[in-house]
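Here the structure is laid out as structure tokens; the discussion comes afterwards.
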Amino acid sequence: MRTIKSIAELKRLASNGGIEVSILLAGGAIRSSKFVDYNPATRKWRIENYSDGSTVRKLSDTNIVEAIRKNALITEDV
């Protein structure tokens, strides 16, 4: 398990075909899992929420930035 510490790190990890991440909620008792893909050529995000299958295109439409600030965004893909 690895904690993602910055947006720059998330961009780097997500730009090679995407990455599965989890936001730790309730002190880590609950996880909100997502698939995050970043295209550096177009600077576009695609975030798929596993809980409901929805997809968003803006990082600001998620709670990922707040999770990074709280050291609550993790991945097991690396």
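Every read-out reported here was derived from the displayed coordinates using simple, explicitly stated rules and does not represent laboratory data. The model shown is predicted, which means the values in this text are computed figures rather than measured ones.
Helical content of the chain, expressed as a calculated mean residue ellipticity at 222 nm, amounts to -4500 deg cm²/dmol (DSSP H runs of 4 or more residues, -39,500 (n - 2.57) each, divided by residue number, nearest 500). The Cα atoms of segment 9-52 define a convex hull whose projected area, averaged across directions, is 3.4 nm². Lys-Lys pairs in the chain that are eight or more residues apart or on separate chains and whose Cα atoms lie under 18 Å of each other come to 10. Expressed in Å, the radius of gyration and Dmax of the Cα atoms of the chain are 11.4, 37.
The value of relative contact order for segment 2-75, using C-alpha pairs under 8 Å at least six residues apart, is 36 percent.
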